[in-house]
1. Determine the pairs where a residue that is closer than 15 Å to SER14 by Cα, located within the range 28-52, has a partner that is crowded, with 21+ Cβ neighbours inside 10 Å and charged (D, E, K, R) with Cβ atoms under 7 Å apart, the partner being 6 or more residues away or on another chain.
2. Select, from MET151, MET127, MET123, the only residue that is in contact (Cβ under 8 Å) with a residue 12 or more places away in the chain, open to solvent by 60 Å² or more (accessible area, probe 1.4 Å) and under 30 Å from LYS87 (Cα atoms).
3. Read through the list (1) within 18 Å of GLU134 (Cα to Cα); (2) open to solvent by less than 70 Å² (accessible area, probe 1.4 Å); (3) β-branched (Val, Ile, Thr); (4) more than 16 Å from the chain's Cα centre (by Cα), then give the number of the only condition that ILE73 fails.
4. Quick check on ASP67: is it farther than 24 Å from VAL10 by Cα and either surrounded by 13 or more Cβ atoms within 10 Å (Cβ to Cβ) or β-branched (Val, Ile, Thr) (or both)?
5. Taking the condition in contact with a helix residue (DSSP H, G or I) (Cβ under 7 Å, 6 or more places away or on another chain), in a loop (DSSP other than H, G, I, E, B) and open to solvent by 20 Å² or more (accessible area, probe 1.4 Å), does ASN139 pass?
6. Give the range 96-120 a look and list any residue that's at pLDDT 90 or above and exposed (fewer than 10 other Cβ atoms within 10 Å of the Cβ), or say none.
7. Kindly indicate whether ASP50 is open to solvent by less than 70 Å² (accessible area, probe 1.4 Å) and either over 28 Å from GLY25 (Cα atoms) or in contact with a Gly (Cβ under 9 Å, 6 or more places away or on another chain) (or both).
Amino acid sequence: CNYWGKNISVVQLSWGVTMTRDMMGTIFELNPNIKKIGVVGGVGYVGKNDVEVDDIFYPNSLVQGNDKWGYKITPIDNSMIDKIENKYFFNKKTTSGGIYSVVPKKHVISNFDRVKNNDDKIMAFDMEAVAFSEKISQNKKVDFAACYYIMDIPLKGLGLGNTYYNLEFLQELFEQPNRGKYFCMEKVIRFLTQKQ
């Protein structure tokens, strides 16, 4: 689409690391001259800051590894997103920190036990950030911004079963005019359309 004089390609719902790697590879094959990539997604928040479900998380580092073998922390250049002010969707609390991508395995319900003693390196979990980070690091000329809405806060007893997999929660969320997803979409669209 052309939005505010800028050509933007919108790709919906990459789900998981493998699909995101494939999608990002295809995007760069189709257009090796991409200047900006913006990501909107959802995370499970495990940090200590005072945020609620549907507030906002900005990743500033990618965390990889586990309790047994140690952790590797790679900074994410995501400072642009914090400098952009929303005009339509706001009044959300924001926080930032390290993001860890969960890679599900067959017959394993949860991989959390491998990373539960991470000394607060991990503030949020998703399923795609590692794939985005890999592709962006291979294409240094691309500006990158990522903005996530908080889908669940398991340490407060608000797992996905009580939030995004709960009909009552979703009905109430969808009635709200100022949702976290809208906040993130505005941030990323402003990032994509501003002059470099």
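1. GLY41/ASP126; GLY41/GLU128; VAL43/ASP126
2. Selected residue: MET127, the only one of MET151, MET127, MET123 that is in contact (Cβ under 8 Å) with a residue 12 or more places away in the chain, open to solvent by 60 Å² or more (accessible area, probe 1.4 Å) and under 30 Å from LYS87 (Cα atoms).
3. (2)
4. In short, yes.
5. Answer is yes for this residue.
6. Selection gives ASP119 alone.
7. Against the criterion (open to solvent by less than 70 Å² (accessible area, probe 1.4 Å) and either over 28 Å from GLY25 (Cα atoms) or in contact with a Gly (Cβ under 9 Å, 6 or more places away or on another chain) (or both)), ASP50 does not qualify.
Each row is one residue, and each column tells you yes or no for (1) of a type outside the set (Gly, Ala, Ser); (2) within 21 Å of ASN139 (Cβ to Cβ); (3) in contact with a helix residue (DSSP H, G or I) (Cβ under 6 Å, 6 or more places away or on another chain).
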site: ASN2; (1), (2), (3): yes, no, no
site: SER9; (1), (2), (3): no, yes, no
site: MET19; (1), (2), (3): yes, yes, no
site: LEU30; (1), (2), (3): yes, yes, no
site: GLY42; (1), (2), (3): no, no, no
site: SER61; (1), (2), (3): no, yes, no
site: GLY65; (1), (2), (3): no, no, no
site: THR74; (1), (2), (3): yes, yes, no
site: ILE81; (1), (2), (3): yes, yes, yes
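The values are calculated or read from the model by the stated rules, or taken from the named source; none is laboratory data. These numbers come from a predicted model, not from an experiment. A quick note on method: Cβ atoms are made from the backbone with ideal geometry, for glycine too, and the neighbour counts reach across all protein chains shown. The area values use the complete protein model at the heavy-atom level, side chains included, leaving out ligands, DNA and RNA. Shrake-Rupley method; radii C 1.70, N 1.55, O 1.52, S 1.80 Å.
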